[in-house]
Amino acid sequence: MGSIAELIKIIGQKARSASETLRIASTDQKNNALISIASQIQQNKQFILDANDLDLKAARENSIDDALLDRLMLNDERLDSVVEGLHQISTLVDPIGQISDFKERPSGIKIGKMMVPLGVIGMIYESRPNVTVDAAGLCIKSGNAIILRGGSEAINSNIAFYSCIERGLEEAGLDPNSVQLIKVTDREAVTELVSASDYVDAIIPRGGKGLIKNISMNARVPVIKHLDGVCHTYLDKDADPQKGVDIAFNGKTRRYGVCNATETLLVHKDFDSEALSKLIELFIKKEVEIRGCEKSQMLSNVIKKATEDDWSEEYLAPILSMKIVDSVDEAISHINTYGSAHTDAIVTENNANSKKFLSEVDSSSVMVNASTGFADGFEYGFGAEIGISTGKFHVRGPVGLEGLTSQKYIVMGDGQIRP
């Protein structure tokens, strides 16, 4: 017990020290580090893929389900996306030091707000090794040191990525301790990290609901959390039929094991019946299991009966719950009752209904005529994301550069004293 506690203490001290230098690093230094890391990943693609193969082999031996295997898997295309994400982050405006709301008071003093890094981020995540790079890149650009603790199932992939990050930081002349990876897989490392309030300013967990709930209950450090992605697509009576088919099908089947996948399809009773039949057939051909309400079951004999639990389930698998509703109000009520405040979409050509949906659905991303699959930091232009916050404290939705900053007031005077 003592050895892991001591390890986290040492890592925390190094991170705190590194954060002091990274906080004042120039934009050019930070961008050079991102480009160097991207170059290292390009040069070491095969090394990373070989490491990933070890993780995939172990995962299959441990009978990990297909959704988690999909999250764990790396290939050339995904590595190219990781590299592109780093380059995109390097082109984004550096938020650190930006001043806003500058105004003069009657006393003559001028007051503004300056964006500053949070300090040291603790990142705890499962399955997806690309998070190692995404999180590191965003923290470097936003001037935060980060301590990474990935899941044991991705340990080889994470170590391979981390070696590229270390070399990239060194090439750019930044403290390599700006990014540190906890290489022990013992769960006690998580317990110690979320308790390290002397060194860590915020914890960001990314993984299963059980992991995040446990961290939220036990952390002594503020938590920016994302519980789960029970995302909905609602096909309104005034939806363009083809848009409805395309958006609903893409939202569910683009990738099953991602938090922005549509898990529940809500359909207005007067939505185009021919288009709905076509959509159901597409799901059947794709081998998506549909669990529906009584009215949904009348549409096809392969639709199974949905239980109450299905409405709040994040399947992360080729399973979809489906409900026929009488109105946009019923759809909104269902979403706000059973959803997880992640991402919800309406397909409609009715401007009043789209406005109502945007206003009344209480989620971190609300969409009109677009797939829920767009709820992603990369797609939002953040370069990448460190997670998607479904809470309302500090930051909400995909967490990019600005979500990793705080503000301090700055006051400019010319000799004023307060009477």
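The values are calculated or read from the model by the stated rules, or taken from the named source; none is laboratory data. Computed from a predicted structure; not experimentally measured. Please note: Cβ atoms are built from the backbone with ideal geometry, for glycine as well, and neighbour counts cover all protein chains shown. In case anyone asks, the SASA skips ligands and DNA or RNA and just uses the protein heavy atoms, side chains included. Shrake-Rupley method; radii C 1.70, N 1.55, O 1.52, S 1.80 Å.
Yes or no, residue by residue, for (1) among the aromatic types (Phe, Trp, Tyr); (2) free of Cβ contacts under 8 Å to residues at least 12 places away in the same chain; (3) closer than 22 Å to Asp309 by Cα:
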{"residue": "Ser333", "(1), (2), (3)": "no, yes, yes"}
{"residue": "Tyr338", "(1), (2), (3)": "yes, no, yes"}
{"residue": "Ile346", "(1), (2), (3)": "no, no, no"}
{"residue": "Glu349", "(1), (2), (3)": "no, no, no"}
{"residue": "Ser359", "(1), (2), (3)": "no, yes, no"}
{"residue": "Asp362", "(1), (2), (3)": "no, no, yes"}
{"residue": "Ser365", "(1), (2), (3)": "no, no, no"}
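Quick one: which strands (runs of 3 or more DSSP E) sit completely within the stretch 335-419 and have at least 2 residues that are modelled with pLDDT of 95 or more and surrounded by fewer than 18 Cβ atoms within 10 Å (Cβ to Cβ)?
405-412
It is to be established whether one or more residues within the stretch 96-115 are among the charged types (D, E, K, R), in contact with a helix residue (DSSP H, G or I) (Cβ under 9 Å, 6 or more places away or on another chain), open to solvent by 80 Å² or more (accessible area, probe 1.4 Å) and touching a residue at least 24 places away in the same chain (Cβ under 8 Å).
Taking every residue of the stretch 96-115 in turn, none turns out to be among the charged types (D, E, K, R), in contact with a helix residue (DSSP H, G or I) (Cβ under 9 Å, 6 or more places away or on another chain), open to solvent by 80 Å² or more (accessible area, probe 1.4 Å) and touching a residue at least 24 places away in the same chain (Cβ under 8 Å).
State whether one or more residues within the stretch 312-328 are touching a Cys at 6+ places or on another chain (Cβ under 6 Å) and open to solvent by less than 10 Å² (accessible area, probe 1.4 Å).
no
Identify all residues within the stretch 17-39 that are of a type in the set (Lys, Arg) and surrounded by fewer than 21 Cβ atoms within 10 Å (Cβ to Cβ); write none if there are none.
Within the stretch 17-39, just Arg23 meets the criteria.
Just give me the residues in the stretch 385-419 being on the phi > 0 side of the Ramachandran plot and in contact (Cβ under 8 Å) with a residue 12 or more places away in the chain, in sequence order.
Once the filter is applied, which keeps residues that are on the phi > 0 side of the Ramachandran plot and in contact (Cβ under 8 Å) with a residue 12 or more places away in the chain, the stretch 385-419 yields Gly387, His394, Gly397.
Check every one of the strands (runs of 3 or more DSSP E) wholly within the stretch 156-265 and list those with 3 or more residues that are under 17 Å from Ala135 (Cα atoms) and open to solvent by less than 20 Å² (accessible area, probe 1.4 Å).
Correct list: 179-181, 202-206.
In the stretch 52-81, which residues are over 24 Å from the mean Cα position of the chain (by Cα) and hydrophobic (A, V, I, L, M, F, W, C)?
Leu54, Ala58 - these are the residues of the stretch 52-81 that are over 24 Å from the mean Cα position of the chain (by Cα) and hydrophobic (A, V, I, L, M, F, W, C).
Those residues that are of a type in the set (A, V, I, L, M), closer than 17 Å to Ala341 by Cβ and modelled with pLDDT of 85 or more, I need them from the stretch 205-226; list them, please.
Val223, Ile224
Only one of Glu171, Glu281, Glu188 is over 30 Å from Gln297 (Cβ atoms) and at pLDDT 95 or above; which?
Only one candidate passes the filter, namely Glu171.
Which is under 22 Å from Val399 (Cβ atoms), outside any loop (DSSP other than H, G, I, E, B) and modelled with pLDDT under 95, of Ser127, Ser81?
Checking each option against the conditions leaves just Ser81.
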